[in-house]
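S.K.: The structure follows.
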Amino acid sequence: MTTASGLEGAYRRLLRWYPPVYRDRHEEEILGVLMAAAEPGRSQPAVRESLDLLWSALKIRIRMTVRGDSQPWAIAFAQIGMLLPVLMVVLKLIGYLERGGWYGFGTPADALIGAYGDPGRYVESFQLNAYWYAVDGNITQALTQGPGPALILAALVLTGWRRTAAVFAVVVPLAYLGVSLSAGYTLLGGANSDVTLYAYGLEALVLLVAPDAPRGWRALRWRPGALLITAAVAFGVAINGGIRPLLHSSWLLYTGTLVAVIVAVLVIMLVSSPANRRVVALLAVPFIPAAVIYLCSLINPPLPGPIGDTLAAAPLLLLILLAAMTLPLLPRRPAGSDAPSRPAAPGNA
Amino acid sequence: MSDRPLHEPTFLLLTALAERPQHGYGIIGDVERMSSGRVRLRAGTLYAALDRVVAEGLVEADREEVVDGRLRRYYRLTPRGGDRLAAEVERLQHNAAIAAKRLGRRAIGGLT
């Protein structure tokens, strides 16, 4: 391979980071500029040139999504923006039902005052945010373990307050980080909290990346929505050990059924449409770094505290950085336009 | 139309296209010459900027040609892009005139 063709191949590999639609139109053109600008005898792209191409590819990907040029991604972002808070609430409710099954459901009045069984235990099992904060002063648990923030986020998104929801989705995890780090808690090893934090970061990003998505419940496409909620219920029940009465049947059969439901839903999502494949890929975003960080927490001897904290915080901060990058790309709207009454855009509903 | 001041690379990009259509490599060289080597657009940055100004309707593709087996696409300023550049020039001239005037007064004040 000659030097020139080696360099051209390396540039082509870098250009693969651009969106396919953009590459179809501009790849040969950009390649011509890169080759013309390359110093004689160069066989590999300069580091600064490579970073410039990667950074520009990211900016163009975000910009095309914001403009709605990439329809499957635009649909996927709109779906995830709507469904993620709903799924978070569903998972909290599954935990509630499981704990209710464990401790026994009292009357609704019992549940309300937390008087059933061990006083306060049932309320704790419900993970009411006020309990965490008022009783043990644990604001970090109030922020991530209770349903309160997820309910507020879901309400904001379902009623169409997208930018307010995005701000909320940034504030909650940052408040968690601030409180945790200032109190000297370690972030490493709290896999559930990490997934929740990254889910908030992802939500902030997708709400900003898809500003022209239909607002409120109108953004929901019912088929993938129903599938994902089914999978979330199965996942939540499986993770929480199952609602107690059902556990009296065969545990293996029961768990196997739940796993089959999850797998079936994911397969249907993956084969059904390009947009749904992207929905599944986006849903994996909070889980993958959380799994990696959980594995890091098992390293022996343990990582030093600051390194563990940095590792755990990095995915969240990266998601928030990406969300911040989209801000200059957002179309300008008149003041007070973050209102729920904006009609649905045609074609996305 | 946006009233935001243009960033310098965007200003120089539009200026490079003000006189005649140019292709990507031509724009890079022209911007470097106009800024006396201070602003050097890399290919990625240039095409990200072109993507933005084309989307804003300030610049459009003019023609394509193949030179030495490589595709060259020429870009030109649209009437809207010309108006935007003229408005920016006026803004910069206005600011520069005020700054020069005040510096002049300061120099006179310093002498007395």
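Just so you know, all these numbers are worked out from the coordinates, no wet-lab data involved. Please read all numbers here as calculations on a predicted model, not as lab measurements. Here the Cβ is made from the backbone with ideal geometry for all residues, glycine too, and neighbour counts use every protein chain on show.
S.K.: With θ set to phi - 60° and the Karplus curve 6.51 cos²θ - 1.76 cosθ + 1.60, what are the ³J(HN,Hα) couplings of segment A:153-162 in order, to the nearest whole Hz, using x for Gly and Pro?
M.R.: Along segment A:153-162, the couplings run 4, 4, 5, 4, 5, 5, 9, x, 8, 5 Hz.
S.K.: Output ³J(HN,Hα) for segment A:13-22: one whole-Hz value per residue in order, computed from phi by the Karplus curve 6.51 cos²θ - 1.76 cosθ + 1.60 with θ = phi - 60°, and x for Gly and Pro.
M.R.: Each residue's phi maps through the Karplus curve to give 5, 5, 5, 5, 6, 6, x, x, 4, 5 Hz.
S.K.: Using the number of other C-beta atoms within 10 angstrom as an exposure proxy, rank B:LYS101, A:LYS92 with the fewest first. The partial results should precede the final answer.
M.R.: Numbers: B:LYS101 10, A:LYS92 21.
Placing the least packed residue first, the sequence is B:LYS101, A:LYS92.
S.K.: Under a Cβ-Cβ cut-off of 13 Å, what is the net charge of the residues other than B:ILE108 that fall near it, where Lys and Arg count +1 and Asp and Glu count -1? Let's see the in-between values first.
M.R.: Details: positive: B:LYS101, B:ARG102, B:ARG105, B:ARG106; negative: none.
Value of the local net charge: +4.
S.K.: Residue by residue, what Karplus-based ³J(HN,Hα) values in Hz, rounded to whole numbers, does segment A:78-84 have, using 6.51, -1.76 and 1.60 with θ = phi - 60° and x for Gly and Pro?
M.R.: 4, 5, 5, x, 7, 7, 4
S.K.: Can you check what the net charge comes to around A:CYS296, using other residues whose Cβ is under 14 Å from the Cβ of A:CYS296 (Lys, Arg +1; Asp, Glu -1)?
M.R.: -2
S.K.: In a shell of Cβ-Cβ distance under 14 Å around B:ILE98, excluding B:ILE98 itself, what net charge do Lys and Arg (+1) and Asp and Glu (-1) give?
M.R.: Values: positive: B:ARG91, B:LYS101, B:ARG102, B:ARG105, B:ARG106; negative: B:GLU90.
Every neighbour counted, the sum reads +4.
S.K.: How do A:MET35, B:MET34 line up, fewest other C-beta atoms within 10 Å first? Each step should come with its number before you reach the end.
M.R.: On the way: A:MET35 17, B:MET34 14.
Taking fewest neighbouring Cβ atoms as first place, the list is B:MET34, A:MET35.
S.K.: List the residues, sorted by chain then number, that are 5 or more residues from B:ARG72 or on another chain and whose placed amide H is less than 5 Å from its amide H.
M.R.: B:GLU65, B:VAL66, B:VAL67
S.K.: Then there is this: So what is the diffusion coefficient of segment B:39-112 in µm² per second by Stokes-Einstein at 37 °C and 0.692 mPa s, using a Kirkwood Rh over Cα pairs? Walk me through the intermediate numbers first.
M.R.: On the way: Rh = 15.7 Å.
Roughly 209 µm²/s, to the nearest whole number.
S.K.: Which value in nm describes the separation of the simple spin-label points at B:VAL67 and B:LYS101, placed 7 Å from the Cα toward the beta carbon?
M.R.: Result for the modelled spin labels: 4.5 nm.
S.K.: Hey, another quick one. Expressed as an acute angle from 0 to 90° and rounded to the nearest 10, what is the orientation of the C-alpha long axis of helix B:24-34 relative to the principal long axis of chain B?
M.R.: So the inclination is approximately 20 degrees.
S.K.: Which Cα, out of B:ALA97, B:LEU41, B:GLY26, lies furthest along the positive dipole direction of chain B (beta carbon charges, K/R +1, D/E -1)?
M.R.: Farthest along the dipole direction, towards plus: B:ALA97.
S.K.: When a footprinting reagent is the concern and you count Cβ atoms within 10 Å, what order do A:TRP55, A:TRP73, A:TRP161 take, fewest first?
M.R.: Values: A:TRP55 16, A:TRP73 23, A:TRP161 19.
Least to most surrounded, the residues fall as A:TRP55, A:TRP161, A:TRP73.
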